[in-house]
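Before any comments, here is the structure.
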Amino acid sequence: MYKVNPNGDFDFINTTYVADKFHVNENLIFMAENYFLYEDASILHILDKENGNLMEEINIGHEEFLEIFSIENDYYFYTYEEITNNTPDFLYLYKNGVKLFTRNLSNNYGIYKYEIDEEGTLLFATDYSGERKLNKIDINNSYSYYNTSDDIATFKTFKNGNIFLYLDDNSTLILDENLNFITLGETINTHNPYLMALENYMLLGTSFENSVRIINQKGEIIDYFKTKGFLHN
């Protein structure tokens, strides 16, 4: 791991840990490694930001790290645990290394799309036995959901808090920040889309046809263009 100061000089170059989640706050560095990569348990390594030295190690067993974030002087992380397809899955939130709550996700088939905002509110898509949902949970364990007509291929939040969803049947819809339905958008016939929010517009790109669609708050395509090269998410 390298730490570079504003003058372009290295403050330190340290041998460190394998990690698929990386977060830095004012004083600490967080490196999370999920158990199915190299180890028998998921580990959070907490390092000193000044010198990169290890300060603490947190073992959470066979839970999977979703996201690490900080609010003021506290750090948090969401984890997810899938037992089997015949039993509930579990979502957990930790604060400063201590588990705050457990959310039972009845007979779920995994969290396959998610995003988190600056306040630690997590949006995540799930699917079980035809019951497809966009779920929302905050750091106070307040939970709500919206059932969709098909699997959620991808979703992204506009700057104003409204949410754009693209479903596997190529339909689109807009929800407000409380997961209330606002409107159906245009049907977009494409494959493997990905989204980027730009102010209160959504850019939907796909490498399938090397194109980008610009979508407004009503779910309408207001512009479309091809790219010269291959698009990467």
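Tally Lys/Arg at +1 and Asp/Glu at -1 over every other residue whose Cβ is under 10 Å from the Cβ of residue 182; what's the total?
Surrounding charge for residue 182 is 0.
Residue 1: net charge of surrounding residues, Cβ under 12 Å, Lys/Arg +1, Asp/Glu -1, itself excluded?
Net charge around residue 1: 0.
Excluding residue 12 itself, what net charge comes from residues whose Cβ is under 11 Å from its Cβ, given Lys and Arg +1 and Asp and Glu -1?
-2
Please compute the alpha carbon radius of gyration of region 26-76, then divide it by the globular-protein estimate 2.2 N^0.38 Å. Two decimals is fine.
1.17
With point charges of +1 on the Cβ of Lys and Arg and -1 on the Cβ of Asp and Glu, referenced to the Cα centre of region 62-221, which listed residue (184, 212, 77) lies farthest in the positive direction of the dipole?
Going by the Cα projections, it comes out as 184.
With springs connecting C-alpha atoms under 10 Å apart, model the chain as a Gaussian network and identify which of 148, 157, 190 has the largest mean-square fluctuation.
190
Provide, in order from the shortest bin, the percent of all Cα-Cα pairs of region 107-233 in each 10 Å bin, continuing until the bin that contains the maximum pair distance.
Percent of Cα pairs in each bin: 13, 45, 33, 9, 1.
Under 10 Å, Cα contacts only: if you run a Gaussian network model on the chain, which one of 73, 140, 59 comes out with the highest mean-square fluctuation?
Its mean-square fluctuation being the largest, the pick is 73.
With the Cα gyration tensor of the chain in hand, give its eigenvalues times 5 under a square root as the equivalent ellipsoid semi-axes, listed largest first in whole angstrom.
Each semi-axis is the square root of five times an eigenvalue, giving 33, 24, 17 Å.
What FRET efficiency, computed as 1/(1 + (r/R0)^6) with R0 = 25 Å and r the Cβ-Cβ distance, is obtained for residue 83 and residue 138, rounded to the nearest 0.05?
Given R0 = 25 Å and the Cβ-Cβ separation, E is 0.50.
Take the chain, connect every pair of alpha-carbon atoms lying under 10 Å apart with a spring to form a Gaussian network, then pick out the residue of 12, 181, 30 with the largest mean-square fluctuation.
Answer for the Gaussian network model of the chain: 12.
Whenever you get a sec, compute what percent of the accessible area on region 1-98 sits on carbon and sulfur atoms (1.4 Å probe).
Looking at region 1-98 in its full context, I get 45 percent from C and S.
Applying 1/(1 + (r/R0)^6) with R0 = 22 Å to the Cβ-Cβ distance of residue 200 and residue 178, what FRET efficiency is obtained, to the nearest 0.05?
Efficiency computed from Cβ-Cβ geometry: 0.80.
Given that compact globular proteins tend to follow 2.2 N^0.38 Å, what is the ratio of the alpha-carbon Rg of region 15-124 to that value?
Against the compact-globule rule of thumb, the ratio is 1.07.
Given the pairs 95/136; 21/156; 95/159; 21/49; 136/159; 136/226, which are separated by over 23 angstrom at their Cα positions?
95/159; 136/226
Output the direction-averaged projected area (hull surface divided by four) of the convex hull of the alpha-carbon atoms of region 172-230, in nm².
One quarter of the hull surface, i.e. the mean projection, equals 4.2 nm².
Whats the longest run of the chain with zero trypsin sites (Lys or Arg not before Pro) that are DSSP loop and have at most 10 other Cβ atoms within 10 Å?
That gives 1-158 as the longest site-free run.
The values are calculated or read from the model by the stated rules, or taken from the named source; none is laboratory data. Small disclaimer: the values here were computed from a predicted structure and weren't measured. Here the Cβ is made from the backbone with ideal geometry for all residues, glycine too, and neighbour counts use every protein chain on show. With ligands, DNA and RNA removed, areas are computed over all heavy atoms of the protein, side chains included. Shrake-Rupley method; radii C 1.70, N 1.55, O 1.52, S 1.80 Å.
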